[in-house]
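This report concerns only the one structure given below.
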Amino acid sequence: MKQLKQLKQLKKRWYDYLWIASLLYLALGFFNILFAWLGLICFLLPLALSSSSKDKVYCNKFCGRGQLFELLGGRFNLSRRNNPPLFLRSAWFRYSFLTFFMAMFGLMIFTTLLVFQGKPLSETVKLLWVFNLPWRWTHTDWVFPWVAQFAFGFYGVMLTSTVLGLITMILFKPRSWCAYCPMGTMTQCICKLKYRKEESVFERESESNRGAFKNSGKPASVADYVRFDGEQ
């Protein structure tokens, strides 16, 4: 058993340590809110990868936050390891939470636009979309106010999702956050759409090939169907 664990440790790749990046992001944002802009990577990269690959590769390999929850809840035993409730994994809850999350994200963009138009900068980080945390020790005088406003709002989004993930990690299994993570839901939707599109194209090609055999007057053999349907 010990040898198996040592073998697994030796096989670790660079992306197994991305949990460090998640911790570093929260720490940098605490000292300088402008580092919050880096969080856009966690928004854009999953969408790009799910659009170019066939599965949720970001969630499975590159999600530093999921790794952090796995580390805290698994290795440090901070999780009760209970199964998450069924509603947390249900489609209606995941899509409802995604809708709410995107609405709050849109409100954050709207606030940024108001600051761009001349509204005073609000140097607070909103936690759980309710609590305003003062964040006045960071110096943002050297950038445009709207740049700082976006940073405050975006850091609040990232901090809120981290807190929610920590709560579900403690109450349930370490990566229970993944069951209703908005980015996970969006990447899953992209993968489903791609799969349906590919499946539809494959079915049309198969029907076309069967029709070609039929019109030629030559009976289609089993090998013909295997070649066109299974691409062997």
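The values are calculated or read from the model by the stated rules, or taken from the named source; none is laboratory data. Quick caveat, the model's predicted, so the values are computed rather than measured. With ideal geometry, Cβ positions are generated from the backbone for all residues, glycine too; neighbour counts draw on all protein chains shown.
Listed here are the residues, each with its yes/no results for (1) over 20 Å from Phe43 (Cβ atoms); (2) in a helix (DSSP H, G or I); (3) among the hydrophobic types (A, V, I, L, M, F, W, C).
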position	(1), (2), (3)
Asn60	no, yes, no
Gln67	no, yes, no
Phe93	yes, yes, yes
Phe105	no, yes, yes
Ile109	no, yes, yes
Leu114	yes, yes, yes
Gly118	yes, no, no
Thr140	yes, no, no
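Summed over region 81-138, residues that are more than 25 Å from the chain's Cα centre (by Cα), polar (S, T, N, Q) and surrounded by 16 or more Cβ atoms within 10 Å (Cβ to Cβ) total 2. Please verify whether Trp177 is out of contact with any helix residue (DSSP H, G or I) (no Cβ under 7 Å at 6 or more places or on another chain) and either modelled with pLDDT of 60 or more or within 30 Å of Thr99 (Cα to Cα) (or both), treating the condition exactly as stated. When the stated conditions are applied, Trp177 does not pass them. Can we say Phe228 is aromatic (Phe, Trp, Tyr) and at pLDDT 95 or above? Against the criterion (aromatic (Phe, Trp, Tyr) and at pLDDT 95 or above), Phe228 does not qualify.
Can you tell me which residue in region 3-27 is modelled with the lowest pLDDT, limited to those that are within 16 Å of Gln67 (Cβ to Cβ) and of a type in the set (Lys, Arg)? Here the answer is Lys8. Within region 151-161, the presence of a residue that is among the aromatic types (Phe, Trp, Tyr), out of contact with any Asp or Glu (no Cβ under 7 Å at 6 or more places or on another chain) and at pLDDT below 95 is excluded. Quick check, is Phe152 more than 15 Å from the chain's Cα centre (by Cα) and within 17 Å of Gly106 (Cα to Cα)? Judged against the criteria, Phe152 is a match.
How many residues are among the basic types (Lys, Arg) and part of a helix (DSSP H, G or I) when one looks only at region 69-81? Residues meeting the conditions: 1. The one condition from (1) touching a residue at least 40 places away in the same chain (Cβ under 8 Å); (2) in a helix (DSSP H, G or I); (3) in contact with a Phe, Trp or Tyr (Cβ under 9 Å, 6 or more places away or on another chain) that Pro84 does not meet is (2).
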